[in-house]
1. Can you give the accessible area of R504 in Å² (nearest 10), computed on protein heavy atoms with a 1.4 Å probe?
2. With +1 on each Lys and Arg Cβ and -1 on each Asp and Glu Cβ, and nothing else charged, work out how big the dipole of segment 674-773 is about its Cα centre, in Debye to the nearest 20.
3. Would you mind calculating the gained length between N201 and K291 on full extension (0.36 nm times residue separation, minus the Cα-Cα distance), in nm to one decimal?
4. Highest mean first, what order results for 902-910, 681-689 on Cβ atoms within 10 Å?
5. Could you run the Debye sum over the Cα atoms of segment 793-884, one equal point scatterer each and no solvent, and tell me log10 of I(q)/I(0) at q = 0.21, 0.25 Å⁻¹, two decimals?
6. State the extension gain, in nm to one decimal, for the chain segment bounded by Q568 and V773, taking 0.36 nm per residue of separation less the distance between their alpha-carbons.
7. Please identify which residues in segment 194-211 have an amide N closer than 16 Å to a label point set 7 Å out from the Cα of E78, following the Cα→Cβ vector.
8. Students often check this: by mean Cβ neighbours within 10 Å, which of 557-563, 942-948 ranks highest, and how do the rest follow?
Amino acid sequence: MSSKFHTTISSNSIVIDIVEPHPNFPEIVQSVLTQVVKQKNLDQLREYGGVEGLASGLKTNLKHGINGDVEDISRRKEAFGSNTYRRSPKKNLFDFVLEALREPTSLIVLACAAVSLGLEIRQHGLKEGCYLNPNRYGGGSIFVTVFVVTAISAIVKFRQNRQFVKLSEVSNNIQVDVLRNGGEQKVPRSEIVVGDVVCLNNGDQIPADGLFIGGHSLLVDESSMTAETNPVEVDPSHNHNNPFLFSNTKVTSGNGRMLVTSVGMNTISIDSNEHTPLKYKLNKLTSSIGKVVLSVAFLVQVILLIRYFTGNQKDMNGNAEYNGSKTKAYDILNSVFDIIAAPVTILVDAIPGGLPVAVTLSLAHSMKRMMRDHAIIGKHTACETMGFATTICIDKTGTLTLNQMKVTMFWLGQDCIEEKGISSVATSVVELLHHGIGLNTTSSVNMSTSGSEFEFSGSPTEKAIVSWAVSELNLDMEGLKQSGEILHVEAFNSTKKQSGVLMRNKEQNTINLHIQGGAEMVLAMCSNYYDVSGTIKVLDDDERKIFDGIIQGMAASSLRCIALAHKQVPEEENEEGKKQIEGNCLTLLGLVGLMDACRPGVKEAVQEFQYAGVNVKMVTGDNIFTARAIATECGILKPNQDMESGAVVLGEQFRNYTPEERMEKVNNISVMARASPRDKLLMVQCLKQKGHVVAVIGDGTNDAPALKEADIGLLMGQGTKVAKECSDIIILDDSFRSVATVLRWGRCVCTNVQKFIQLQLTLTVTTLAINFVVSVSTGEVPLSAVELVWVNLISNTSGALALATEKPTKELMENPPVGRTKQLITNVMWRNLLSQALYQTSVLLTLQFKGEAIFKVSANVNDTLILNVLALCQVFNVIFLWKLENKNVFEGIHKNHLFLVIIGVTIAVQAVVVEFLKKVAGTERLNWWQWGVSVGFASVSWPIGWVVKWIPVPQKPFLLHPCHPPISHTSFSLTPLELDPVSG
């Protein structure tokens with residue numbers, strides 16, 4: 001169909017858009033084609049001639065794909081665009097500086113600074129007015145303060161933006177399977193073009209909008225786009241009549257091929273947002289500090305204005321006394337702005353703007369070191385969040401176990417074939433086993449290049465069963481495919497715990513249904529069973545109890561038990577067009593027991609988590625006996641724990657609880673067996689609502705909803721594409737012990753941030769107290785803007801650098817996790833910072849009021865002495881914070897050479913500022929005695945800290961405030977997802 005018109009109906013009128021097809025594709029109009037898929041318009045699709053008609057218009061062969069040469073790809077990109085998205089222009093550092101300067105606080109301060117600078121120029125002249133006088137609160141000093149603070153903030157945001165861009169570029173290079181020129185190729189997602197035939201498999205993310213061509217049991221999760229909880233079946237031949245596929249949705253079951261109809265900006269894209277516990281707590285902390293600082297600054301301003309307008313008060317520069325009635329207007333304004341500038345400078349400088357710097361530095365250092373420990377951080381926020389984790393939900397297969405399955409036991413009827421040998425089994429039963437194993441699988445068998453052995457591909461369970469059938473049952477896959485015709489396939493899913501195939505036996509001209517899945521579930525659908533001789537026997541209640549005992553015995557030995565069943569389907573049923581695989585009145589073929597050994601070191605890692613106060617919960621699709629056996633072996637369960645204690649539940653039980661019951665019982669659950677993705681997702685949501693910070697470890701598509709919903713998603717090893725996209729951290733060495741290493745690094749980041757908060761708050765409390773007391777008593781502010789900026793730089797840069805370099809220690813795992821609801825500032829931190837702030841305030845106030853008399857120095861030297869003592873106190877406080885709770889702060893400090901270098905460089909720079917930068921900093925040179933006094937005052941903080949650490953503090957926080965961050969839930973599929981029979 002060729003069309004030049006596209007009709008759009010709005011609420012007020014009908015708008016006709018004129019659209020022209022591209023010369024190379026005269027039968028296709030891109031805008032119309034895009035709307036056909038987006039609006040699922042079947043009528044307009046039929047006008048194009050269906051999928052086949054569209055393929056013809058797009059010059060695509062549905063079996064062989066497009067030509068795929070350079071000219072063909074170029075024409076398609078020219079006509080329909082490329083599979084990339086228009087992004088905002090890359091921001092440079094200057095853009096982030098401008099953003100920081102647009103903050104309301106910065107704008108207010110800059111406005112004050114501009115007016116003050118103008119008045120200074122008018123009063124003192126251009127040269128003197130623009131001169132940066134460190135002893136005067138002028139516009140120049142305010143400008144320096146604002147620009148230094150905003151520059152630090154801009155640099156941090158600039159670095160984070162560059163990391164985000166790099167991650168986006170990596171996602172565009174994900175390889176996609178396409179058909180081109182008759183062969184299957186892998187191309188980057190960004191190189192997909194309209195007309196491409198894309199091969200879709202379980203776990204794939206759909207790379208563009210398109211139409212379904214053909215396949216088996218294709219289910220697609222569209223929840224990220226539509227918020228619908230049910231996966232959508234895609235198949236135009238069924239009653240669903242739904243051939244539409246959308247970009248960024250995920251294949252959750254089955255496989256198929258799609259015709260790409262729209263790419264890039266013509267598709268539907270989804271953005272996401274995230275909140276981390278640390279980010280929320282820091283925002284609350286900064287907000288609270290800002291309110292206190294604002295209150296103090298406002299009070300100081302009111303007092304200074306009252307003192308000025310009541311007369312008998314010097315100006316802020318210490319000049320002549322004012323008389324309000326005789327002063328010129330601009331002198332009054334100048335003095336008023338001097339008075340306003342002082343508290344505003346205090347406001348800007350006292351708010352801990354260095355917190356983002358500390359977090360970024362600590363994260364950068366930790367992420368670099370974690371790479372050496374075999375962990376890749378996909379999202380930089382994941383590392384900080386991991387430090388708050390209170391609960392870890394883990395999958396069994398591939399996480400606790402090696403995911404290297406091997407068949408070790410086979411029961412046919414009530415006989416264990418290991419004892420009798422496969423030669424004793426009837427030929428008819430062996431043939432049925434061949435069909436049930438060889439056709440009901442996604443695994444493939446190929447001869448190795450050497451030609452001496454077979455190579456198997458597919459899921460670990462299917463590879464193990466097919467490998468066993470080839471070696472023990474003499475299964476011939478190639479011959480089997482020639483003798484059998486597959487009529488319908490039902491892929492394995494998490495609800496039924498089974499897969500099925502409907503096939504025609506060409507030799508016997510019969511139709512047979514073969515089922516494979518969880519032993520107890522398949523057994524429940526059987527009414528008969530085969531014995532070794534091939535005789536069919538009735539499966540009555542007594543016989544069923546015997547089989548239940550066999551299954552439980554295998555599970556108690558940590559074996560995964562898979563059942564194989566069969567029934568013959570009458571020809572008339574198939575002719576009626578029945579495509580649903582109905583599992584009832586089956587005949588049991590046998591029970592296969594697969595061994596999957598636990599990973600080395602798993603038990604020790606679980607014990608380490610438990611020692612750290614982190615709850616470990618195993619959520620698996622295995623039956624309850626296997627789950628209990630593995631959990632006991634790994635140390636998750638104690639030998640005496642069982643279902644009666646509530647530690648072990650079935651997924652169905654948990655699902656059927658009322659919301660109140662789930663919330664009540666979820667903390668006590670250690671093992672959930674026969675769990676579906678929905679059950680795992682419900683558990684994560686309940687735990688988050690209870691205030692837990694939840695980490696989920698998985699590797700399969702069935703883990704994707706929980707990985708996405710969790711605060712931290714960890715992927716073990718390679719995993720599926722969907723699992724990778726939903727994960728925040730990838731464990732490269734596929735070792736469960738590396739997860740414990742990630743936890744230690746996460747806690748290290750949180751501890752380093754807490755240390756920096758204590759350092760920053762000590763300085764904030766000290767400067768606020770000094771400025772308030774001195775300004776109220778004398779009308780002057782003791783520390784100039786330049787001095788405040790410098791001391792803050794020492795605290796922010798050197799403190800953050802030094803405290804970010806500490807490695808994780810065993811002591812970190814001894815403390816309980818902070819979690820989502822606990823206060824970030826602990827009572828221990830309050831005790832330490834208030835004691836240090838009280839000491840620093842006392843010393844500096846003594847120097848302010850009595851320093852000139854005690855040390856017999858001039859006012860300028862005394863001011864330099866105050867600055868020097870304040871700066872050195874921060875340096876010595878960094879050393880005191882090296883060990884947050886240890887009484888011996890010097891323990892192991894000699895091993896951290898970088899820490900010592902940073903401290904040494906900071907002291908050296910402070911000496912340069914005092915001795916050689918008089919014109920910039922307004923300082924006076926100090927003699928050796930005065931330097932000794934400065935160091936002596938600063939070093940007293942160590943014995944004070946040692947004494948204070950002996951003072952016990954209560955467990956209940958001193959200051960209580962809401963710190964529970966909003967919990968966002970992920971819209972994800974809650975219904976059957978493709979599930980490897982072993983990856984429960």
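1. 50 Å²
2. On the way: 12 positive and 9 negative charges, 48 e Å.
Magnitude of the dipole: close to 240 debye.
3. Numbers: separation 90, 0.36 × 90 = 32.40 nm, distance 5.47 nm.
Gain in length upon complete extension: 26.9 nm.
4. On the way: 902-910: 16.8, 681-689: 22.9.
Final packing ranking: 681-689, 902-910.
5. The Cα Debye sum returns log10 ratios of -1.13, -1.30.
6. 64.5 nm
7. 194
8. Result, highest mean Cβ count within 10 Å first: 557-563, 942-948.
The values are calculated or read from the model by the stated rules, or taken from the named source; none is laboratory data. What you are looking at is a predicted structure, and each value in this text was computed from that prediction instead of being measured. Because the Cβ atoms are built from the backbone with ideal geometry, glycine has one as well, and the counts that use them run over all protein chains shown. Just the protein is used for accessible areas: all its heavy atoms, side chains included, with ligands, DNA and RNA removed. Shrake-Rupley method; radii C 1.70, N 1.55, O 1.52, S 1.80 Å.
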